[in-house]
1. Cβ neighbours within 10 Å, averaged per peptide: list 63-70, 20-27 in order, most packed at the top.
2. Which whole-Hz couplings ³J(HN,Hα) result when phi for each residue of segment 29-36 is put into the Karplus expression 6.51 cos²θ - 1.76 cosθ + 1.60, θ = phi - 60°, listed in order with x for Gly and Pro?
3. Could you list which residues have their amide H under 5 Å from that of T21, counting only those 5 or more apart in sequence or on another chain, with H placed in the peptide plane?
Amino acid sequence: MFLSATLLLGCAAAAMPAQQTTILRPDAIVAPDGSLQKGMAVVVKDGKIVEVSANPSAQGSEVRLSGVLAPGIIDCF
């Protein structure tokens, strides 16, 4: 029984996916007031937007996007 519990606990830890952080760098973003802001980055962690900033504090894989990104619309989906 002890061996079974040990194996189950080992599998449970391995099944937990690591949180991935992606930094999206579009040409511009649509701000909440509807204006376009250039040079901004959108940080997505575990499928949710966690930061919108010109110089994000998060580290992760960067993706360059051609075009305009509307972060509020993306988070809705």
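1. Descending mean neighbour count gives 20-27, 63-70.
2. Karplus-based 3J(HN,Hα) across segment 29-36 equals 10, 8, 6, x, 7, x, 7, 8 Hz.
3. HN-HN under 5 Å from T21: S61.
Quick note: the coordinates plus some simple rules give every number you see, no bench work behind them. Since the model is a prediction, treat every value here as computed from it, not as a measurement. Cβ sites come from the backbone with ideal geometry, for glycine too, and all protein chains shown count toward neighbours.
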